[in-house]
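The values are calculated or read from the model by the stated rules, or taken from the named source; none is laboratory data. Keep in mind it's a predicted model, so treat the numbers as computed, not measured. Positions of Cβ are generated from backbone atoms using ideal geometry, with glycine treated the same way; all protein chains shown enter the neighbour counts. These accessible areas exclude ligands, DNA and RNA; they are computed on the full protein's heavy atoms, side chains included. Shrake-Rupley method; radii C 1.70, N 1.55, O 1.52, S 1.80 Å.
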Amino acid sequence: MIKSVTTSTNSLNLLLLGYERRGVPANNLTGPEQQLLEFADRYDAIILAPELDGAAVAYVRNRVPDATIIAHLPDNADQQQILGRIEMGADDVVFDSHMAIEQLIGTQILIANQRRESAHIRKKERCADTLTGLADRGQFLLKLQEMIKAQRKSRIAVMIFDIDAFKSINDSLGHEVGDELLHTVGERLSTLGEDGAFCARIGHDHFAIAIDNTQDIINASIYAETVVALVRKPYHLQSTAQAIYITVSLGVTLEDENENETDADELVRQANIALSRARQEGRCIARFEPIQAADAHYKHLLRNNLHSALANDELFMLYQPQIDMRSGQVVSAEALLRWQHPSLGLISPELFIPLMEETGLITEVGMWIIDRVCAQLRAWCDAGKVNEHFSVAINISSKQFNDSDLAAYIEQAIKRQGIDARQIKLELTESLLVLDTDQVADKLHRLKRLGVAICIDDFGTGYASLSYLRQFPIDILKIDKSFIQNIGLSEQNDAIVLAIINLAHDLHFHVVAEGVETQAQRAFLTQHQCDTFQGYLFSKPVPAADIRLHNDTPGRSAYIHVA
Ligand code: C2E
Ligand code: CA
Ligand code: CA
């Protein structure tokens with residue numbers, strides 16, 4: 001069955017499979033349906049009927065690896081069914097009651113397509129290195145990640161080296177010689193496989209080696225010396241009569257014993273830091289010293305200091321203005337948490353919020369934030385700086401949302417400060433809204449009854465079906481800054497931004513764009529009627545005391561002027 005849906009900007013062709021079955025479950029497609037898959041590339045997405053189970057999804061994924069596949073499920077599908085379809089290869093799921101809403105499905109497909117396309121590009125980048133026959137960067141990272149996950153008693157060492165003055169070999173002896181040299185280095189490295197080492201060429205003259213049977217850094221350094229000796233032996237190549245002698249610089253790092261979070265990217269980053277130190281200091285081999293970066297030890301240190309942060313008054317809020325597209329006035333602000341550590345300095349929330357979530361401290365801190373924001377609103381009101389239309393957006397972590405009775409807490413806090421619930425907006429992430437829907441819906445409805453607004457943060461980045469948009473009492477969509485920052489750079493991206501704005505308006509939501517940095521982005525968003533802007537173009541997050549607020553202009557909205 002073929003169907004076409006339209007978002008406000010695009011018309012999408014869908015291939016619908018399994019809809020003739022009417023309640024008869026199946027784990028594979030009929031012959032004619034299988035034939036339809038031969039023309040799969042004509043469609044923007046394939047939708048599989050609720051009757052087709054996970055095995056059928058896997059079949060389709062196998063047959064058409066590049067297609068966007070959406071699994072249609074009954075409204076009462078449980079978490080396991082949803083995850084099952086995704087695990088079998090579906091890009092997303094959609095529920096019964098929302099199949100008819102074209103805007104919703106259309107936008108969902110646009111987002112799924114883009115996600116698939118970027119995955120495709122990443123996969124392309126992963127094909128092996130033809131010059132040396134070694135793995136390339138992508139494969140190296142994958143393999144390394146596998147090694148990290150595997151159970152073992154020893155530790156993984158990663159080394160990265162490059163050939164000193166490779167450019168001058170290329171320039172003086174020609175590219176043919178340069179290429180043959182790289183090829184021969186690759187050949188020599190491949191003999192290390194016998195020791196269990198995994199080797200790759202990760203850049204032009206950059207090679208990486210991972211080995212998982214190291215005990216300590218001395219061990220690892222000794223192995224690094226073996227590698228250096230191997231590649232420094234003279235080269236007698238076919239493309240030149242003269243013997244070639246090279247030197248290399250090598251950086252080595254060892255997986256941290258106590259740290260279970262080190263991932264492949266992190267180890268490669270550490271080895272690269274060590275490599276640049278080797279080069280800077282003119283040494284052949286340099287080890288990664290933990291002190292060189294915000295590494296595992298640093299995180300450990302932060303974790304140990306987190307608990308006292310609140311008690312020692314080291315946490316504070318900044319406020320980033322939000323601008324109304326139509327009036328150009330500041331009508332609200334987002335509250336953003338900061339941690340000023342007495343000796344470590346200002347620490348990024350990207351670093352400490354995950355640690356607070358991990359330790360569960362985020363719930364207590366989150367409650368403190370609610371109190372602070374309410375008190376701040378009271379103070380601004382008392383000083384006559386804002387009126388009762390001014391609101392503040394508060395970020396709520398999923399953990400805090402699940403672990404606490406937010407509605408009751410907020411009700412008390414606003415009562416204490418005598419502010420209006422409508423002055424509070426809660427920013428939640430999409431990931432929260434696909435889990436345990438009954439409980440989530442119940443909590444959201446209680447908040448809604450109280451009068452606070454619900455905003456979906458980082459909209460468009462989650463894997464969730466957009467159908468939750470109809471299920472929950474949502475007021476605002478905040479388009480993720482990654483989409484805003486790509487405005488004007490890709491047509492597909494612009495189509496998504498547009499589709500989100502239109503979808504939001506059709507569902508009677510308000511739309512906010514975050515991360516607006518340029519006039520061009522602002523112009524695009526204005527042209528397409530995005531309601532509110534937030535971003536460095538207008539103001540960075542600033543302390544409450546540094547923003548000058550006044551409402552000397554008559555009108556409904558509150559005004560802030562950034563000092
Ligand atoms: P978020 O909720 O997406 O917050 C927006 C982030 O974008 C902020 O980073 C903000 O400073 C930054 N930003 C604002 N305008 C621009 C722009 O024009 N360009 C760019 N590149 N960035 C911009 P920040 O303050 O570092 O916060 C990072 C994240 O930490 C937040 O992302 C949020 O997830 C979390 N976070 C911050 N404060 C809190 C909090 O009070 N509670 C909770 N649970 N999470 C928080
Ligand atoms: Ca936010
Ligand atoms: Ca965000």
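Among the residues of segment 511-531, those that are within 15 Å of ligand 2 (Cβ to nearest atom) and under 20 Å from A453 (Cβ atoms) comprise V511, V512, A513, E514. Only one of the listed residues (G360, G345) is open to solvent by 10 Å² or more (accessible area, probe 1.4 Å), free of Cβ contacts under 8 Å to residues at least 24 places away in the same chain and either away from ligand 3 (no atom under 16 Å from the Cβ) or over 14 Å from M317 (Cα atoms) (or both). That residue is G345.
Filtering segment 502-520 to residues that are at negative phi and within 15 Å of ligand 3 (Cβ to nearest atom) leaves V511, V512, A513, E514, V516, E517. Can you find a residue in segment 41-53 that is in a helix (DSSP H, G or I) and either in contact (Cβ under 8 Å) with a residue 12 or more places away in the chain or open to solvent by less than 40 Å² (accessible area, probe 1.4 Å) (or both)? Yes: segment 41-53 contains one or more residues that are in a helix (DSSP H, G or I) and either in contact (Cβ under 8 Å) with a residue 12 or more places away in the chain or open to solvent by less than 40 Å² (accessible area, probe 1.4 Å) (or both).
Picking from residues in segment 130-174 that are assigned to a helix (DSSP H, G or I) and of a type in the set (A, V, I, L, M), the one that is surrounded by the most Cβ atoms within 10 Å (Cβ to Cβ) is L144.
Could you tell me which numbered condition W368 fails, if it satisfies all but one of (1) surrounded by 15 or more Cβ atoms within 10 Å (Cβ to Cβ); (2) modelled with pLDDT of 95 or more; (3) among the hydrophobic types (A, V, I, L, M, F, W, C)? Single failed check for W368: (1).
Conditions tested, residue by residue: (1) at pLDDT below 85; (2) within 30 Å of L351 (Cβ to Cβ); (3) assigned to a strand (DSSP E or B); (4) not charged (D, E, K, R).
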| site | (1), (2), (3), (4) |
| --- | --- |
| S239 | no, no, no, yes |
| L250 | no, yes, yes, yes |
| T253 | no, yes, yes, yes |
| E261 | yes, yes, no, no |
| L267 | no, yes, no, yes |
| A274 | no, yes, no, yes |
| R277 | yes, yes, no, no |
| G282 | yes, no, no, yes |
| I291 | yes, yes, no, yes |
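The listed residues are Q412, Q492, and the only one of them that is away from ligand 3 (no atom under 16 Å from the Cβ) and open to solvent by 70 Å² or more (accessible area, probe 1.4 Å) turns out to be Q412.
Count of segment 512-534 residues, restricted to those that are within 21 Å of the chain's Cα centre (by Cα) and open to solvent by less than 10 Å² (accessible area, probe 1.4 Å), is 4.
Every test in (1) open to solvent by less than 20 Å² (accessible area, probe 1.4 Å); (2) assigned to a loop (DSSP other than H, G, I, E, B) is passed by I209 save one, and that test is (2). Here is the figure for segment 389-399: residues that are free of Cβ contacts under 8 Å to residues at least 60 places away in the same chain and part of a loop (DSSP other than H, G, I, E, B) total 2. For segment 427-448, the tally of residues that are buried (at least 22 other Cβ atoms within 10 Å of the Cβ) and under 16 Å from V373 (Cβ atoms) stands at 2. Could you say whether any residue in segment 78-86 is at pLDDT 90 or above and either aromatic (F, W, Y) or under 22 Å from the mean Cα position of the chain (by Cα) (or both)? No; the residues of segment 78-86 include none that is at pLDDT 90 or above and either aromatic (F, W, Y) or under 22 Å from the mean Cα position of the chain (by Cα) (or both).
Per the listing A375, A309, A333, the residue uniquely away from ligand 2 (no atom under 16 Å from the Cβ) and surrounded by 16 or more Cβ atoms within 10 Å (Cβ to Cβ) is A309.
Here's the yes/no breakdown for (1) of a type in the set (K, R); (2) in contact with a Ser or Thr (Cβ under 6 Å, 6 or more places away or on another chain); (3) crowded, with 18+ Cβ neighbours inside 10 Å; (4) within 27 Å of I419 (Cβ to Cβ):
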| position | (1), (2), (3), (4) |
| --- | --- |
| L450 | no, no, no, yes |
| D458 | no, yes, yes, yes |
| I476 | no, no, yes, yes |
| S482 | no, no, no, no |
| Q485 | no, no, no, no |
| G488 | no, no, no, no |
